[in-house]
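What follows is a short report on a single structure.
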Amino acid sequence: MSDAENARASIGARRNPETEAAVLQAAAELIREQGYAALTMEAVCKRARAGKATLYRWWPSKAHLLLALVSRSKQEMELPDTGTLRGDLTAYLDDLLARWRGDDGSMPMGPLVRVLYVEAADNAELGAALLEERRDRWQLLDQILTAARARGEVSPRLGAERAKQLAMALPIYLLMIGRLPAPGETAALVDDILPSFA
């Protein structure tokens, strides 16, 4: 059977969910096996049994595959509701940091996020895609901060976007320098962030 016959069928302008799952699974497996630097789009196509045209239509580069893996991980996060900004932010970051570290044995997302930020600095298309994904990804954070603002825990002088930036600035910095807090240390990290909202 030819490669074309083996390739998963496209369903036109929409992504085929089966193909998308196969592509992302293949990318994750290959990154685990050989690292991101050695990852090629051709290898992903072969393992996922996906056509090159389909792959490049939805993921223009291997960095876009990383972004899709990171985004998929974030979609599993749930909105915490502890009744306080400290509690909600701790629960949110605890979940996020666990995913960055790969605490449950799954592929750590932190190294992928680092690569994305570095590559986006020199790739305008990837930078735009990362910004759009970040807006979507921070929806839970936005809800946490909106509720905290209603309770009077966030200064009215802070706009919504700046509040989210302040919430994430220290975690992202620690990620970029390879100094993520260990499990159980999230509350202390949050205590360092909270004064920014006063």
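This table checks each residue for (1) surrounded by fewer than 18 Cβ atoms within 10 Å (Cβ to Cβ); (2) more than 17 Å from the chain's Cα centre (by Cα).
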site	(1), (2)
Leu166	yes, yes
Leu170	yes, no
Tyr173	yes, no
Glu185	yes, yes
Ile193	no, yes
Ser196	yes, yes
Checklist entry - Could you give every pair whose Cβ atoms fall below 9 Å, whose first residue belongs to the range 158-186 and is under 17 Å from Arg114 (Cα atoms) and among the aromatic types (Phe, Trp, Tyr), and whose second residue is open to solvent by 80 Å² or more (accessible area, probe 1.4 Å) and modelled with pLDDT under 95, counting only separations of at least 6 or pairs across chains? => result none
Checklist entry - For the range 102-148, what are the residues that are at pLDDT 90 or above and either of a type in the set (Phe, Trp, Tyr) or in contact with a Lys or Arg (Cβ under 8 Å, 6 or more places away or on another chain) (or both)? => result Met107, Pro108, Met109, Gly110, Tyr117, Leu141, Asp142, Leu145
Checklist entry - Out of (1) over 17 Å from the mean Cα position of the chain (by Cα); (2) crowded, with 20+ Cβ neighbours inside 10 Å, what's the single condition that is false for Gly83? => result (2)
Checklist entry - Residue check: is Pro181 assigned to a loop (DSSP other than H, G, I, E, B) and modelled with pLDDT of 95 or more? => result yes
Next on the checklist: Contact list please: Cβ distance under 7 Å, first residue in the range 97-125 and in contact (Cβ under 8 Å) with a residue 40 or more places away in the chain and charged (D, E, K, R), second residue open to solvent by less than 60 Å² (accessible area, probe 1.4 Å) and assigned to a helix (DSSP H, G or I), pairs at least six apart or on different chains.
Outcome noted: Arg101/Gly110; Arg114/Leu175; Glu119/Ala63; Glu119/Leu126
Next on the checklist: It is to be established whether one or more residues within the range 38-61 are crowded, with 18+ Cβ neighbours inside 10 Å, under 30 Å from Leu189 (Cβ atoms) and in contact (Cβ under 8 Å) with a residue 40 or more places away in the chain.
Outcome noted: no
Checklist entry - Could you say whether any residue in the range 141-157 is of a type outside the set (Lys, Arg) and closer than 29 Å to Ala27 by Cα? => result yes
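The values are calculated or read from the model by the stated rules, or taken from the named source; none is laboratory data. Just so you know, these numbers come straight off a predicted model, no measurement behind them. Neighbour counts are summed over all protein chains in view; Cβ atoms, including those assigned to glycine, are modelled from backbone coordinates with ideal geometry. Areas reflect the complete protein model, heavy atoms only, side chains present, ligands, DNA and RNA absent. Shrake-Rupley method; radii C 1.70, N 1.55, O 1.52, S 1.80 Å.
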